[in-house]
Amino acid sequence: MQDEVTRIIQDDVNERIFDEFKNFTVAEFREWILSEDTTGAMISRASRGITSEIVAAVTKLMSNMDLIYGARKIRVIKHCNTTIGKAGTLSARLQPNHPTDDPDGILASVLEGLTFGIGDALIGLNPVDDTTDSVVRVLKRFEEIKQKFEIPTQICVLAHVNTQVDAIKKGAPTDLIFQSIAGSEKGNTAFGFDAKTLEEARQLVLKEGTAEGPNVMYFETGQGSELSSEAHADTDQLTMEARCYGFAKRFDPFIVNTVVGFIGPEYLYDGRQVSRAGLEDHFMGKLTGISMGVDACYTNHMKADQNSIEDLSVLLTAAGCNYFMGIPHGDDVMLNYQSTGYHETAALREMFNLTSIEPFHKWLVKMGFVDEYGRLTNRAGDASLLF
């Protein structure tokens with residue numbers, strides 16, 4: 001096989017489990033997943049015996065409710081410094097992006113987000129300046145905040161994997177290694193890495209990083225990225241997205257998310273398609289066996305609005321999504337797209353009787369930002385309490 005992603009997916013298939021399902025049609029596999037007699041544990045076991053192409057094929061036969069019902073059965077639990085994916089929890093990545101990477105501006109967004117209960121999945125910045133020195137500077141600021149207030153969470157700067165490796169070698173505190181990934185070797189080459197690069201980075205952060213582990217990788221994807229770089233090998237975008245998850249699984253990530261509406265109407269035309277793609281991606285990630293979140297988002301040249309992503313976030317919460325993004329007012333001033341803000345996750349937790357990850361929830365209660373049930377108090381939003 002010429003394609004590295006294909007080799008990894010095929011090599012990771014458990015042949016004994018595959019033999020149990022090899023005579024199923026895709027329709028029969030769908031019926032099995034949706035059967036009341038089929039548990040999440042049974043589906044998770046089956047995921048070890050199927051390829052990403054089967055994951056995509058069965059997804060295409062599912063209605064939106066099928067995707068919610070099927071994904072809700074499956075729990076994928078991973079540990080970095082804290083444990084994500086447990087029943088009764090809904091997490092959020094605090095994304096304090098800034099148009100100039102100004103440390104004080106980043107700090108203001110982080111502190112405000114924490115007061116709304118955001119950041120239990122990760123405090124993670126998309127940098128403007130993808131240099132080693134800049135990454136080191138931001139990571140040290142994140143670690144300073146984490147240690148000063150004894151916050152049980154993870155930190156990461158979403159620079160290129162090679163830049164993050166250089167930052168670790170220069171002593172930067174790092175819990176997770178990030179990389180955007182594609183569903184083909186050609187797509188990953190366009191992103192500037194291969195599987196060996198990721199495995200070397202993973203081993204480095206396990207040895208010299210600051211996390212407990214063992215899950216120390218963070219990946220982002222999004223339907224259409226391979227088509228943008230002519231790296232899809234005449235394959236549809238849903239199948240290529242499923243292949244991203246099969247590739248990611250090799251590295252046992254702490255979290256993965258699809259930035260579902262980020263590329264734009266070239267691949268997802270409107271809010272309706274964004275909702276469908278978000279449900280598809282979440283289900284495919286869970287069926288593959290990875291810890292799946294969704295950046296419920298859209299770009300301003302797409303036929304979508306805030307209601308579109310609020311609808312999607314409610315549907316995904318019902319489906320058992322592990323985490324969403326938390327961005328000041330839902331408006332990313334660096335990446336120029338619209339996503340979920342600090343209030344949305346808080347509202348979803350209240351509506352669905354969920355809390356943040358347990359140690360983080362206890363920290364929020366101690367600080368007075370939420371009550372014991374996870375509902376915001378009148379202290380929420382008052383970052384001066386952390387000055």
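The values are calculated or read from the model by the stated rules, or taken from the named source; none is laboratory data. Please read all numbers here as calculations on a predicted model, not as lab measurements. Virtual Cβ from ideal backbone geometry, glycine too; neighbours counted across all protein chains shown. SASA here: full protein model, heavy atoms, side chains in, ligands and nucleic acids out. Shrake-Rupley method; radii C 1.70, N 1.55, O 1.52, S 1.80 Å.
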Can you list the GluC sites (Glu not before Pro) in segment 343-387 that are in a DSSP coil and have 15 or fewer other beta carbons within 10 angstrom?
Glu372
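Can you tell me the length gained on complete extension of the stretch Leu34 to Met351, counting 0.36 nm per residue apart and subtracting the Cα distance? Please report the intermediate quantities before stating the final value.
Working: separation 317, 0.36 × 317 = 114.12 nm, distance 2.54 nm.
Full extension of this stretch gives 111.6 nm more.
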List the GluC sites (Glu not before Pro) within segment 8-88 that DSSP assigns to loop and that have no more than 10 neighbouring Cβ atoms inside 10 Å.
Glu36
Mind checking which of Gly261, Gly341, Gly192 has the largest fluctuation in a GNM of the chain, springs on alpha carbons under 10 Å?
Gly192
Gaussian network model of the chain, Cα springs within a sub-10 Å range: biggest mean-square fluctuation belongs to which of Met302, Met351, Met240?
Met351
Run the quick spin-label model on Leu385 and Tyr69: label points 7 Å from Cα toward the beta carbon, then report their separation in nm to one decimal.
4.2 nm
The local net charge around Phe251, scoring Lys/Arg +1 and Asp/Glu -1 for residues other than Phe251 whose Cβ lies under 14 Å from its Cβ, equals -3
Where a ≥ b ≥ c are root eigenvalues of the Cα gyration tensor, a/c under 1.5 meaning rounded, otherwise prolate if a/b exceeds b/c and oblate otherwise, segment 18-70 counts as oblate
Accessible area per residue for the chain in Å², computed with a 1.4 Å probe and the full protein assembly in place, what is it?
40 Å²
When the charge dipole of the chain is computed with +1 on Lys and Arg Cβ and -1 on Asp and Glu Cβ about the Cα centre, the Cα farthest towards its positive end, among Val55, Asn14, Met334, belongs to Asn14
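Please give the contour-minus-distance gain from Arg48 to Asp371: 0.36 nm per residue of separation, less the Cα-Cα distance, rounded to one decimal in nm.
The span from Arg48 to Asp371 would gain 112.3 nm if fully extended.
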Using the crude model of +1 on Lys and Arg Cβ and -1 on Asp and Glu Cβ, and no other charge, please compute the dipole size for the chain relative to its Cα centre, in debye to 20.
960 debye
Using alpha carbon centroids, what distance separates segment 39-69 and segment 139-159, in Å?
35 Å
Among GluC sites (Glu not before Pro) in segment 201-309, those in a DSSP loop whose Cβ has at most 12 other Cβ atoms within 10 Å are Glu230, Glu266
From the residues Leu114, Thr163, Gly124, which one has its Cα farthest along the dipole of segment 96-198 in the positive direction, the dipole being from +1 and -1 charges on Cβ of Lys/Arg and Asp/Glu about the Cα centre?
Thr163
What part of the accessible area of segment 71-183, given as a whole %, is carbon or sulfur when the probe is 1.4 angstrom?
48 percent
For the table Lys86/Lys146; Lys186/Lys207; Lys78/Lys286; Lys169/Lys207; Lys73/Lys286, the rows whose alpha-carbon distance is greater than 21 Å are Lys86/Lys146; Lys186/Lys207
